[in-house]
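Undergrad: Please see the structure below; I have some questions.
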Amino acid sequence: MDKFIKKLHFDFRVNQRVLLLIGILDGFKGKWNIVEKWENRYLKELRRIATIESIGSSTRIEGATLTDKEVQELLENIRITKMQTRDEQEVVGYYEVLELIFDNYADLKLSESHIKQLHQLLLKYSHKDGRHRGCYKHLSNKVVATYPTGEQRTVFATTEPALVESEMHELLEWVNEQLIAKEIHPLLIIALFVYEFLSIHPFQDGNGRLSRLLTTLCLLQNGYEFIQYVSFEKHVEQHKKAYYEALMSGQRNRNTGNEQISLWMLFFLESLKSLTEKLEQKYNVFKQKGGYLNERQKQIADFIAQNQPVKVGDISAHFKEIPINTIKKDLQYLRDEQILAMIGKGKACVYVISDK
């Protein structure tokens, strides 16, 4: 039996939960793709927020200390800021790879050469990683978890350097064949790929960060485009203990008859389910309040929400400091953004919050 497929054999209860989660995720995928097509006015802001969270969280998981606010400030001043610290170098490298994936995922084949290129870009600004970036490891390494206290613990041993190339080739060949064959659900393939990639740990450094970037790449390539608007990395950071325990549960018996990756599979799928719930909540908040509204427009929208239906005169009487022409322009903008709906014509028209 195929050694990878064997790892996807779960007991009845796990299998039923896996099927349920896949159904939920595919249902959300279909719904979200419609949102992207017809209601994308808030998505730019959601992606910006998720990008900052992803970069901050993924680098902190590996021991960096920059807050999300500091990450944002660094990226806003990237052209004038000298990246003097390792944390800053890692943040900018992660940002550039993430943006490359967002913009070009359809053309990025899941291959050894592309993975090496992404690794090289990830460590592009890291001076201490100059010798080994973009190249498979030459020294044995271990997965080490860094906790908020600064304590480090070895999670598991990884593939020896001499075997990395053959194992990576075998893994990628299997993954690409299965994705084309469509006989196994892509979420199962992606989860197994991430687990195997971390087990091999093919590079000297940067494997954890790269695994999360590859997770995003694989999800995007298989139609789960919602992942760019919510941070998988932040979820992992918030559930770091469960993340490592799920990996360790399989790793301790890797490549033996006792290897079980059910805990990892459930962690992966449950994490994605949690992300869909967070994204839906965030999107509804943006939709309700208006993602691109200035403070004046938000106040007008809130006034209408609390007093609808309202006429232009009602708004003008409440906001005496705002010129009537400015109010009319704001109302037109709010209508264009489908935040407001106008009922009636001329002086008799009233405004209400749109139900779209």
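Only the coordinates and a few stated rules stand behind these numbers; no lab work does. Source: prediction; values computed, not measured. Backbone-built Cβ (ideal geometry, glycine too); neighbour counts: all protein chains shown.
Undergrad: So how strong a dipole does the chain carry about its Cα centre when Lys and Arg Cβ are +1 and Asp and Glu Cβ are -1, to the nearest 20 debye?
TA: With only Lys, Arg, Asp and Glu charged at Cβ, the dipole is about 920 debye.
Undergrad: Give a residue-ordered list of calculated ³J(HN,Hα) values for region 176-184 (Karplus: 6.51 cos²θ - 1.76 cosθ + 1.60, θ = phi - 60°; whole Hz; x for Gly, Pro).
TA: Coupling constants for region 176-184: 5, 4, 5, 5, 6, 5, 6, 8, 10 Hz.
Undergrad: Taking the convex hull of the Cα atoms, report for region 293-353 its projected area averaged over all directions, in nm².
TA: 3.6
Undergrad: Starting from the amide H of PHE156, placed 1.01 Å from N in the peptide plane, find each other amide H under 5 Å away whose residue is 5 or more places distant or on another chain.
TA: VAL143
Undergrad: Which of these, ALA301, ALA162, ALA181, has the largest mean-square fluctuation under a Gaussian network model of the chain (Cα springs below 10 Å)?
TA: Comparing ALA301, ALA162, ALA181 in the GNM, the peak value goes to ALA181.
Undergrad: Rounded to whole Å and sorted largest first, list the principal axis extents of the Cα atoms in region 3-288.
TA: Principal extents (Cα only, largest first): 53, 46, 38 Å.
Undergrad: Using the number of other C-beta atoms within 10 angstrom as an exposure proxy, rank ARG47, ARG131 with the fewest first.
TA: Listing ARG47, ARG131 from fewest to most nearby Cβ atoms yields ARG131, ARG47.
Undergrad: For region 152-261, report the translational diffusion coefficient in µm²/s to the nearest whole number, using Stokes-Einstein at 25 °C, 0.890 mPa s, and a Kirkwood Rh over Cα pairs.
TA: In µm²/s, the coefficient rounds to 164.
Undergrad: Who wins for biggest fluctuation among PHE197, PHE102, PHE303 in a Gaussian network model of the chain, springs between alpha carbons below 10 Å?
TA: Comparing PHE197, PHE102, PHE303 in the GNM, the peak value goes to PHE303.
Undergrad: Counting only Cα, what are the radius of gyration and maximum Cα-Cα distance Dmax of region 41-96, in Å?
TA: Just the Cα atoms of region 41-96 yield Rg and Dmax of 11.2, 37 Å.
Undergrad: GNM on the chain, C-alpha springs below 10 Å: top fluctuator among ASP129, ASP103, ASP87?
TA: The residue that fluctuates most here is ASP103.
Undergrad: Here's another thing I want to ask about it. Computed on alpha carbon atoms, what radius of gyration and Dmax characterise region 47-135, expressed in Å?
TA: Radius of gyration, then largest Cα-Cα span, for region 47-135: 13.0, 35 Å.
Undergrad: Also, quick follow-up: For region 301-356 and region 133-209, what is the separation of their Cα centres, given in Å?
TA: 55
Undergrad: Let me ask you something else. GLY346: net charge of surrounding residues, Cβ under 14 Å, Lys/Arg +1, Asp/Glu -1, itself excluded?
TA: +4
Undergrad: Around VAL310, which amide H atoms from residues at least 5 apart in sequence, or from another chain, sit under 5 Å from its own amide H, with H modelled in the peptide plane?
TA: For VAL310, the qualifying residues are TYR351.
Undergrad: Go from 0 up to the bin containing the longest alpha carbon distance in region 225-349, width 10 Å each, and give me the % of pairs per bin.
TA: So the P(r) values, bin by bin, are 11, 28, 17, 14, 13, 10, 5, 2.
Undergrad: At a Förster radius of 22 Å, what calculated FRET efficiency corresponds to the Cβ-Cβ distance of LYS320 and VAL352, to the nearest 0.05?
TA: Taking R0 as 22 Å, the efficiency between LYS320 and VAL352 is 0.45.
Undergrad: So which of LYS44/LYS182; LYS44/LYS320; LYS6/LYS182; LYS3/LYS124; LYS234/LYS298; LYS240/LYS273 end up more than 24 Å apart by C-alpha?
TA: Checking Cα-Cα distances, LYS44/LYS182; LYS44/LYS320; LYS3/LYS124; LYS234/LYS298 exceed 24 Å.
Undergrad: Checking the cross-link filter: which aspartates and glutamates have an alpha carbon closer than 14 Å to that of LYS137, excluding same-chain neighbours under 8 positions apart?
TA: GLU112, ASP129, GLU160, GLU165, GLU167, ASP205
Undergrad: Using the charge dipole of the chain (Lys, Arg: +1 at Cβ; Asp, Glu: -1 at Cβ; taken about the Cα centre), state which of TYR224, GLY346, TYR125 has its Cα farthest towards the positive end.
TA: Going by the charge dipole, the pick is GLY346.
Undergrad: Listing ILE115, ILE22 from the residue with the fewest other Cβ atoms within 10 Å to the one with the most, what is the order?
TA: ILE22, ILE115
Undergrad: Here is a follow-up. Relative contact order for the chain using alpha-carbon pairs under 8 Å, separation at least 6, rounded to a whole percent?
TA: Rounded, it is 19 percent for the chain.
Undergrad: Under the rule of -39500 (n - 2.57) per DSSP H run of 4 or more residues, summed and divided by the residues of the chain, what mean residue ellipticity at 222 nm is obtained, to the nearest 500 deg cm²/dmol?
TA: The per-residue figure over the chain is -20000 deg cm²/dmol.
Undergrad: If I model a spin label as a point 7 Å beyond the Cα along the Cα-Cβ vector, how far apart are those points for GLU70 and ALA162 in nm?
TA: Reported label-point gap for GLU70 and ALA162 is 4.3 nm.
Undergrad: If one takes the longest principal axis of the Cα atoms in the chain, at what angle in degrees, from 0 to 90 and to the nearest 10, does the Cα axis of helix 86-104 lie?
TA: Orientation of helix 86-104: about 70 degrees from the principal axis.
Undergrad: Out of GLN72, TRP32, LEU46, whose Cα points farthest toward the positive end of the dipole of region 1-101 (charges: +1 Lys, Arg; -1 Asp, Glu; placed on Cβ)?
TA: Of the candidates, TRP32 comes out farthest on the positive side.
Undergrad: Apply the Karplus parameterisation 6.51 cos²θ - 1.76 cosθ + 1.60, with θ equal to phi minus 60°, to every residue of region 265-271 and state each ³J(HN,Hα) to the nearest whole Hz, in sequence, with x for glycine and proline.
TA: 4, 5, 4, 4, 6, 5, 4
Undergrad: Taking amide H positions as placed in the peptide plane 1.01 Å from N, state which residues far from LEU340 in sequence (5 or more) or on other chains have amide H under 5 Å from it.
TA: Long-range HN contacts for LEU340: ARG335, SER354.
Undergrad: Okay, next question. Output the 0 to 90 degree angle, nearest 10, between the alpha-carbon long axis of helix 324-336 and the longest principal axis computed from the alpha carbons of the chain.
TA: 40
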